[in-house]
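Only one structure is covered here, and it is reproduced in the block below.
The values are calculated or read from the model by the stated rules, or taken from the named source; none is laboratory data. In this text, all values refer to a predicted model and were calculated from it rather than measured experimentally. Cβ placement follows ideal geometry from the backbone for every residue including glycine, while neighbour counts extend to all protein chains displayed. Side chains included, ligands, DNA and RNA excluded: accessible areas come from the protein's heavy atoms. Shrake-Rupley method; radii C 1.70, N 1.55, O 1.52, S 1.80 Å.
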Amino acid sequence: IPGGNNRYPDTRMGVEQVLEDAFTRAKNYQKEWEVYNDAKDKKGMPVPRRDLELEALVEILEKKRFITCHSYVQSEINMAMEVGNRMGYTVNTFTHILEGYKVADKMLKHGSYVSTFSDWWAYKMEVEDAIPYNAAIMQKVGLIVAINSDDAEMARRLNQEAGKIVKYGGVTEEEALKM
């Protein structure tokens with residue numbers, strides 16, 4: 001599969017298709033409401049069925065709601081951006097994004113922000129290519145980077161996590177604290 005996920009080829013295609021299908025339905029729903037709302041004479045015209053799920057997706061297409069995408073590997077990141085580009089929306093923030101260093105230029109072009117761990121790697125299969133220089137590389141490419149943790153204990157020490165970016169990435173203390 002060109003641009004596919006070599007480690008998990010079947011799951012990438014499934015997620016991609018689910019996103020394509022959902023946003024295709026949302027575009028059709030959006031058009032249906034536009035036709036109804038633009039009609040001068042609604043007499044005899046059925047009111048479109050309201051769908052809260054599709055309304056949320058339409059808000060994404062209209063840039064009224066933003067997407068945060070939890071992902072680890074570059075193939076997931078690339079797929080999410082490719083679907084967004086085809087469907088007409090931007091993935092606002094990629095979280096965890098441990099292979100973000102591989103596609104930082106693409107995320108910058110797409111208009112995304114990133115939120116990552118400072119130095120977590122090699123603790124499960126999806127992060128085997130993660131490196132402690134990830135945040136610094138993405139920041140140097142021009143992305144706005146946040147250091148995060150989904151662990152309550154670690155979240156209390158994010159200033160120490162930012163210190164690791166100084167050590168691994170060579171960024172200034174001020175830049176690391178901004179992250």
Please name which of N85, G111, V58 has its Cα lying farthest along the dipole of the chain towards the positive end, using unit charges on Cβ (Lys, Arg +1; Asp, Glu -1) and the Cα centre as origin.
V58
Please tell me which of these pairs span more than 26 angstrom C-alpha to C-alpha: K109/K178; K64/K109; K27/K140?
K27/K140
Per residue, how much accessible surface does the chain expose to a 1.4 Å probe? Answer in Å², no decimals.
58
Using amide H atoms built in the peptide plane, which far-off residues or other-chain residues are under 5 Å from H70 H to H?
T95
Each residue of the stretch 74-84 in turn: what ³J(HN,Hα) in whole Hz from Karplus with 6.51, -1.76, 1.60 and θ = phi - 60°, glycine and Pro shown as x?
4, 5, 5, 5, 4, 4, 4, 5, 4, 5, x
What's the FRET efficiency of M154 with E174 using the Cβ-Cβ distance as r and R₀ = 22 Å, to the nearest 0.05?
0.50
Under 18 Å from the Cα of K102, which aspartates and glutamates turn up, not counting those fewer than eight places away in the same chain?
E76, E82, D119, E126, E128, D129
Using θ = phi - 60° and the Karplus form 6.51 cos²θ - 1.76 cosθ + 1.60, what ³J(HN,Hα) does each residue of the stretch 128-139 get, whole Hz, x for Gly and Pro?
5, 9, 5, 9, x, 8, 3, 4, 5, 4, 5, 5
Estimated distance in nm for a label pair at R49 and Y133, the labels positioned 7 Å out from Cα along Cα-to-Cβ
5.4
With runs of 4+ DSSP H residues as the only contributors, calculate the mean residue ellipticity of the chain at 222 nm using -39,500 (n - 2.57) per run, divided by the residue total and rounded to the nearest 500.
-15500 deg cm²/dmol
Excluding ligands and nucleic acids, what accessible area in Å² is computed for M125 using a 1.4 Å probe, to the nearest 10?
110
Per the 1/(1 + (r/R0)^6) rule, R0 = 41 Å and r from the Cβ atoms of K167 and N85, FRET efficiency to 0.05 is 0.70
Rounded to the nearest 10 Å², what accessible area does D129 have for a 1.4 Å probe in the complete protein model?
50
Amide H proximity to Y113 below 5 Å, modelled H, separation 5+ or other chain, gives T93, F94
How big is the accessible area of W121 in square angstrom, nearest 10, if you roll a 1.4 angstrom probe over the protein chains?
100
Relative contact order (percent, whole number), the chain, Cα cutoff 8 Å, 6+ residue spacing:
15
Shape call, the stretch 58-142: gyration tensor on alpha carbons, a/c limit 1.5:
prolate
Is the shape of the stretch 6-123 best called rounded, prolate or oblate, per the rule: a/c under 1.5 gives rounded, else a/b larger than b/c gives prolate, else oblate, with a ≥ b ≥ c the square roots of the Cα gyration tensor eigenvalues?
prolate
